[in-house]
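Participant: This structure is in structure tokens; I'll ask about it shortly.
Computed from the coordinates by the stated procedures, all read-outs in this text should not be read as laboratory data. Quick caveat, the model's predicted, so the values are computed rather than measured. Here Cβ is always computed from backbone atoms with ideal geometry, including for glycine, and neighbour counts include all displayed protein chains.
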Amino acid sequence: MKAPVRVAVTGAAGQISYSLLFRIASGDMLGKDQPVILQLLEITPALEALKGVIMELEDCAFPLVAGISGTDDANVAFKDADYALLVGARPRGPGMERKDLLEANAAIFSAQGKAINDNASKDIKVLVVGNPANTNALIAQRNAPDINPRQFTAMTRLDHNRGMAQLATKLGKTVNDIKKMTIWGNHSSTQYPDLHHCEVDGKVAVDQVEQDWYEGTYIPEVQQRGAAIIKARGASSAASAANAAVDHMRSWALGTAEGDWVSMGIYSDGSYGIQEGLIYSYPCTCKDGDWTIVQGLEVNDFSRARMQATEQELAEERDAVSHLLP
Ligand SMILES: NC(=O)c1ccc[n+]([C@@H]2O[C@H](COP(=O)([O-])OP(=O)(O)OC[C@H]3O[C@@H](n4cnc5c(N)ncnc54)[C@H](O)[C@@H]3O)[C@@H](O)[C@H]2O)c1
Ligand SMILES: O=C(O)C[C@H](O)C(=O)O
């Protein structure tokens, strides 16, 4: 057995966490040989509910759980943390865009960025799930000057998974037949699901679908899937969001499959002409606990316009929270 690692999860009494924590504890995220210590953060009024979640985690008797703590103090929750999943934030309701949450949620991520900086392992891997995820990740990253910006990521894996599932349905395939899905940009309705490099049965995906369907149905449906779920369920996605968080961290920690890649919101180094320093979703491969942007993909005019539109939105979100970016 390996030595236990410390996994901090915020919003631990919320609906995503009610699925996520049990997946982490069962070894789905970091492997069946990796014990975990769960360090759970909630706001003070939710501590009683968190107590109930912890009781249920205990009652699962997960062999990989080496400890569980719950607190309303971010300095305690992030102490020596090796991984942090920042889920705690207000979700949107019907008719809202995710960026409408910026004001309500931004302050959470500046405080948590500072607490991570002061308390966590310097090698911590941070995934921001709370919306608007990319810009919240940017806020946390900028408030953690002692930690490599590469360690702060935002979740676009749910969009990536949605993109694969919808393409598989269209072509009468399964997701196992699909490789190299790419989501560029923001986890928002400007995101760009790109089928020019995606492969179905080893052949380019965009050549296997009608351009009208790609442009008029597929792209908007992937972009608007979160809103469609809110409309249908009366609450935002939870189990599928938790599943994507597990996928994101597992890929980052344990690596991506040979000949495939994943989508991650990461600190832009200027690749593909995107402004440096934005948290932008790129196609990435992962190895030895580190990510690399897939380079050299050809970008046509159709893609370039969409990649720039989502970049533009991220730049506007960044400018709207400039008071929180030291
Ligand atoms: N990136 C994605 O793909 C994706 C997918 C689904 C949901 N989300 C987002 O994830 C967030 C959480 O969604 P949910 O459905 O679990 O919401 P929820 O309201 O059920 O749970 C959020 C929890 O966070 C807690 N919280 C609030 N402020 C906190 C703070 N400062 N510290 C710690 N905990 C805090 C709340 O008390 C609550 O228990 C939302 O912002 C939602 O929009 C993102
Ligand atoms: O759409 C939302 O607000 C929730 C989440 O970001 C999603 O994509 O399901």
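Participant: Would you calculate the separation in nanometres between label points at Ile43 and Glu298, each defined as 7 Å from the Cα along the Cα-to-beta-carbon direction?
Facilitator: Distance between label points: 5.1 nm.
Participant: Hey, another quick one. Within the stretch 40-77, whose backbone N sits under 15 Å from a point 7 Å along Cα→Cβ of Ala111?
Facilitator: Once the point is set 7 Å along Cα→Cβ of Ala111, 41-47, 71-77 turn out to lie under 15 Å by backbone N, inside the stretch 40-77.
Participant: Ok, one more. Quick one: which residues, 5 or more positions from Trp184 or on another chain, have an amide H under 5 Å from its amide H? H modelled 1.01 Å from N in the peptide plane, none for Pro or chain starts.
Facilitator: Tyr192, Asp194
Participant: Further, regarding this structure: What is the set of long-range amide H partners of Ala84 at a cut-off below 5 Å, with H atoms built 1.01 Å from backbone N?
Facilitator: HN-HN under 5 Å from Ala84: Ala8, Lys125, Val126, Leu127.
Participant: Write down the percent of antiparallel bridges among all DSSP beta bridges whose residues are both part of the chain, to the nearest 5.
Facilitator: 45 percent
Participant: Then there's this: Could you work out the Rg to Rh ratio of the stretch 5-154, with Rh taken as the Kirkwood radius (inverse of the mean 1/r over all Cα pairs)?
Facilitator: Ratio of gyration radius to Kirkwood radius: 0.96.
Participant: OK, next. What is the distance in Å between the Cα centres of the stretch 121-173 and the stretch 18-75?
Facilitator: 21 Å
Participant: Then there is this: Which one of Met307, Ala232, Asn134 is farthest out on the positive end of the charge dipole of the chain, using unit charges on Cβ (Lys, Arg +1; Asp, Glu -1) and the Cα centre as origin?
Facilitator: Positive-most Cα among the choices belongs to Ala232.
Participant: What FRET efficiency do you get for Cys60 and Val204 if R0 is 25 Å and r is their Cβ-Cβ distance, rounded to the nearest 0.05?
Facilitator: 0.05
Participant: Moving on. Using the Cα gyration tensor of the stretch 48-131, with a ≥ b ≥ c the square roots of its eigenvalues, what is the shape: rounded (a/c below 1.5), prolate (a/b larger than b/c) or oblate (neither)?
Facilitator: Note, shape of the stretch 48-131 comes out oblate.
Participant: May I ask for the percentage of alpha-carbon pairs in the chain that lie more than 25 Å from each other?
Facilitator: Every Cα pair in the chain considered, those over 25 Å come to 47 percent.
Participant: Dipole of the stretch 5-154, Cα-centred, from +1 at each Lys and Arg C-beta and -1 at each Asp and Glu C-beta, to the nearest 20 debye?
Facilitator: Roughly 480 debye, rounded to the nearest 20.
Participant: Which value, in debye to the nearest 20, describes the size of the charge dipole of the stretch 156-321 about its Cα centre when Lys and Arg Cβ atoms bear +1, Asp and Glu Cβ atoms bear -1, and nothing else is charged?
Facilitator: 660 debye
Participant: Could I ask something else about it? Testing the spin-label approximation: label points 7 Å from Cα along Cα→Cβ at Asp177 and Ala239. State their distance in nm.
Facilitator: 2.5 nm
Participant: Using a cut-off of 27 Å between alpha-carbon atoms, which lysines can reach Lys79, once sequence neighbours fewer than 8 places away in the same chain are excluded?
Facilitator: Lys2, Lys32, Lys51, Lys114, Lys122, Lys125, Lys287
Participant: Modelled label-to-label distance, Ser19 and Glu276, 7 Å Cα→beta-carbon offset: nm?
Facilitator: A separation of 3.9 nm, rounded to one decimal place.
Participant: For a label point 7 angstrom out from the Cα of Lys122 toward its Cβ, which stretches of the stretch 1-17 have the backbone nitrogen within less than 19 Å?
Facilitator: 6, by backbone N distance to the label point.
Participant: Further question: Based on the alpha carbon coordinates of the stretch 156-321, what radius of gyration and maximum Cα-Cα distance (Dmax) apply, in Å?
Facilitator: Expressed in Å, the Cα Rg and Dmax of the stretch 156-321 come to 15.2, 44.
Participant: Kindly provide the GluC sites (Glu not before Pro) of the stretch 278-326 that DSSP labels as loop, not H, G, I, E or B, and whose Cβ sees at most 14 other Cβ atoms within 10 Å.
Facilitator: Glu298
Participant: I've got another one for you. Considering only C-alpha atoms, what is the centroid distance from the stretch 79-101 to the stretch 182-221, in Å?
Facilitator: What the calculation gives is 26 Å, centre to centre.
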